[in-house]
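Asker: To start, I am sharing the structure in question, which I have written as structure tokens.
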There are 2 protein chains.
Amino acid sequence: MARTNSDSGLDVTGLPIGVVARDLGLSQDLLRKWEARYGFPEPGRNAHGERVYPQAQVDRLRLIKRLLDAGLRPAHVVPQGDAALRALINEQAPPSLPAEDGPIEPMFDLLREHDVPALEARLQAELLRGGLEAFVRDVAIPMTEAVGRAWSQGELDVFEEHIYTEAIGRLLRNGIAEVSHARGRPRVVLTTLPDERHGLGLLFVAAMLSQRGARCLSLGTEMPIPEIARVVRVMHADIVGLSFSSVYPHRLIGATLRELRGQLGEGPEIWAGGGGVANLQHSVRLRGVRLFTSIDDAQVALTRWSEVQAQG
Amino acid sequence: MARTNSDSGLDVTGLPIGVVARDLGLSQDLLRKWEARYGFPEPGRNAHGERVYPQAQVDRLRLIKRLLDAGLRPAHVVPQGDAALRALINEQAPPSLPAEDGPIEPMFDLLREHDVPALEARLQAELLRGGLEAFVRDVAIPMTEAVGRAWSQGELDVFEEHIYTEAIGRLLRNGIAEVSHARGRPRVVLTTLPDERHGLGLLFVAAMLSQRGARCLSLGTEMPIPEIARVVRVMHADIVGLSFSSVYPHRLIGATLRELRGQLGEGPEIWAGGGGVANLQHSVRLRGVRLFTSIDDAQVALTRWSEVQAQG
DNA sequence: ACTTCACTTTGTCCAGGACAGATGCAGACC
DNA sequence: GGTCTGCATCTGTCCTGGACAAAGTGAAGT
């Protein structure tokens, strides 16, 4: 005599729209519009007529979000079934796995075994072995990419990603603190704009630049634009470094960078990087903003900055 | 022949509703409802008929938000003018200023002068002088409260608060790493729920408990409830420590804690603390959840936990 | 190739309404 | 006095259905 939810005419197992929107990083309005325009998602309703999203639909939405972040268009993606979505993802992903004999693989295993002390020790050892710059290039960045990929494919839990972020963040901050000069040049302010919560990229850049004599001030994430302008003024910064992950809405990058450019005045340079910038249409050309697609670009730019300063 | 915005019949200087809502931590729906119910805010409209909030109204909304976070009711607060709001805030605030001869005052000055290296050095010295536990109780917590108070009164910029957070966070994480035992008991998982981005409190607790032999795993902020349950299961944690700042919506604390309690099963304890818990109505009694109003409660609870374990 | 321009797509905002859960208060009861 | 109970009010979130600007697309013209 089992009585399931579907027997009652109501699908009451699932998550409310507010939770789904927050977890996916989409607005409630947008979820409703997709439902009206593309027929998906198609949540059940609770006794009060409110949308209730089954877990399966939330999972599919996560795949959709990932493809949209990679630059595909909603009409091509949102109506697709699970199989088609996975096929699209396989097309997208360059299957550049980390070398099996490299340092990434064993650390990844430690993370999956949740052996936090061992993971931290291993990372620390790698840092000491090759120095900060090599550590960032050969360990931190590939490992972060591997973790991100594994997470988005459901092979890694959210908490495992958090464990990694905590560990690598602590190491990098300490590394930066050790090599940082109190009076170096240029002075670089590093942060992200509102709605961008991923700050690891900033640490990579801060490590690279600090190692080479720049004086980096890391402000963490989600700094309002007027506030960035104020810091730059107060601290007499030469450069503002911004990071955009691929989750950051593409359409906003151009507009917000222009806004910041306007508020900063002529002097300070703006350097922007991260996955969101790499996905950007090249049509977005911004005067007075340098776009980086790789961490090496930042080093090149730093060298050039120093040369120009020496000449001027 | 100056032509101001008001001449044109449109008030076009200000922020759109989306930005205001995000910056204040309020929903767009709520801003519109306040406007309809209480007559405030009363934004201008741009050429397209969209709300445009002048800076002055955003500032007043910030005062309002602060009073609501302290537990006042919207009908008493939202319609008030600036003067009345400031009066209410003065009633609220216990003017417990830091002792002038204590360690807080000079560090606060360093922060206001943006002398980051000196601030970090000073904090480091305090940590070495008295040890981790005294540092947390006598320096980190009072300083954090002072910074928060100064920020909410507009005496400190957002970026100055971020600078402080970065500095104190790095010190605490290192301190925790140094005293942490790989095999201590109890095992504590520390995190915050979604929508709660303030994680400093977790570091305070982690420092206290690690110092006394517990094994703390700090997962950072905004961990979904099912994910917390998974960590606890995988890591065989004895205790889940949660932090709620006063910004976290009070109404949600009870419901989410009950939800977590249900998903955790019988074994693990739940400890919750932070400004949000302190403001909570005592009517919210939760079985199987321990509420802390002070950092000392955590220490007491740890001692008691160890006793019970020894007996059992 | 490279602009121009009309057309389509897409995310956000709007109005006004409904309602559940919390909060506060008056009165009953111990 | 203290505590409970029921009721009215308050308050945040969700609903529908519509409008529109900015970004993206593609075809035609230079």
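Asker: Out of everything in the range A:263-308 that is part of a strand (DSSP E or B) and over 25 Å from A:Gly25 (Cα atoms), what residue ends up being nearest to DNA strand D (Cβ to nearest atom)?
Answerer: A:Val289
Asker: Have a look at B:Glu133, B:Glu166 and point out the one that is out of contact with any strand residue (DSSP E or B) (no Cβ under 7 Å at 6 or more places or on another chain) and in a helix (DSSP H, G or I).
Answerer: B:Glu133
Asker: Shifting gears a bit: When you check A:Pro54 against the structure, is it within 19 Å of A:Ala21 (Cα to Cα) and in contact with a helix residue (DSSP H, G or I) (Cβ under 8 Å, 6 or more places away or on another chain), yes or no?
Answerer: Against the criterion (within 19 Å of A:Ala21 (Cα to Cα) and in contact with a helix residue (DSSP H, G or I) (Cβ under 8 Å, 6 or more places away or on another chain)), A:Pro54 does not qualify.
Asker: Also, I was wondering about something else. Output the residue which, of all residues in the range A:145-160 that are part of a helix (DSSP H, G or I) and surrounded by 19 or more Cβ atoms within 10 Å (Cβ to Cβ), is nearest to the other protein chains (Cβ to nearest Cβ).
Answerer: Only one residue fits best here, namely A:Phe159.
Asker: I'd like to check something: does the range B:167-179 contain any residue that is more than 11 Å from chain A (Cβ to nearest Cβ), crowded, with 17+ Cβ neighbours inside 10 Å and touching a residue at least 60 places away in the same chain (Cβ under 8 Å)?
Answerer: No, there is no match, as no residue in the range B:167-179 is more than 11 Å from chain A (Cβ to nearest Cβ), crowded, with 17+ Cβ neighbours inside 10 Å and touching a residue at least 60 places away in the same chain (Cβ under 8 Å).
Asker: Of the residues B:Leu156, B:Leu111, only one is at pLDDT 95 or above and hydrophobic (A, V, I, L, M, F, W, C); which?
Answerer: On inspection, the qualifying residue turns out to be B:Leu111.
Asker: Would you point out the residue of the range B:230-260, among those that are assigned to a strand (DSSP E or B) and among the β-branched types (Val, Ile, Thr), that is nearest to the other protein chains (Cβ to nearest Cβ)?
Answerer: Checked the range B:230-260; the qualifying residue nearest to the other protein chains (Cβ to nearest Cβ) is B:Val240.
Asker: Take the residues of the range A:237-262 that are among the charged types (D, E, K, R) and touching a helix residue (DSSP H, G or I) at 6+ places or on another chain (Cβ under 9 Å): which is nearest to DNA strand D (Cβ to nearest atom)?
Answerer: My answer is A:Glu259.
Asker: Outside the structural domain of B:Val58 (by TED's automatic domain parsing), modelled with pLDDT of 95 or more and in contact with a helix residue (DSSP H, G or I) (Cβ under 8 Å, 6 or more places away or on another chain): does that describe B:Ala150?
Answerer: no
Asker: Name the one entry in B:Glu120, B:Glu113, B:Glu105 that is touching a residue at least 24 places away in the same chain (Cβ under 8 Å) and either more than 16 Å from DNA strand D (Cβ to nearest atom) or within 25 Å of B:Asp138 (Cα to Cα) (or both).
Answerer: The match here is B:Glu120.
Asker: Restricting to the range B:241-259, give me the number of residues that are within 15 Å of DNA strand C (Cβ to nearest atom), over 22 Å from B:Arg66 (Cα atoms) and free of Cβ contacts under 8 Å to residues at least 60 places away in the same chain.
Answerer: Looking only at that region, the number is 4.
Asker: Regarding A:Leu128, is this residue more than 24 Å from A:Gly276 (Cβ to Cβ), away from every other protein chain (no Cβ under 12 Å), surrounded by 17 or more Cβ atoms within 10 Å (Cβ to Cβ) and hydrophobic (A, V, I, L, M, F, W, C)?
Answerer: Answer is no for this residue.
Asker: Go through the range B:180-229 and give me each residue that's part of a loop (DSSP other than H, G, I, E, B), surrounded by 23 or more Cβ atoms within 10 Å (Cβ to Cβ) and either at the interface with chain A (Cβ under 10 Å from one of its Cβ atoms) or not small (Gly, Ala, Ser) (or both).
Answerer: Listed by number, the residues that qualify are B:Thr192, B:Glu196, B:Leu219, B:Met223.
Asker: Right, B:Ala84: exposed (fewer than 13 other Cβ atoms within 10 Å of the Cβ) and not assigned by TED's automatic domain parsing to the domain that holds B:Arg251 or not?
Answerer: On the way: exposed (fewer than 13 other Cβ atoms within 10 Å of the Cβ): no; not assigned by TED's automatic domain parsing to the domain that holds B:Arg251: yes.
For B:Ala84, the condition - exposed (fewer than 13 other Cβ atoms within 10 Å of the Cβ) and not assigned by TED's automatic domain parsing to the domain that holds B:Arg251 - is not met.
Asker: Check every one of the helices (runs of 4 or more DSSP H) wholly within the range B:1-97 and list those with 2 or more residues that are more than 14 Å from every other protein chain (Cβ to nearest Cβ) and either within 15 Å of DNA strand C (Cβ to nearest atom) or modelled with pLDDT of 90 or more (or both).
Answerer: B:28-38, B:55-69, B:74-77, B:82-92
The values are calculated or read from the model by the stated rules, or taken from the named source; none is laboratory data. Treat the numbers as computed from the prediction; the structure is a model and nothing was measured. With ideal geometry, Cβ positions are generated from the backbone for all residues, glycine too; neighbour counts draw on all protein chains shown.
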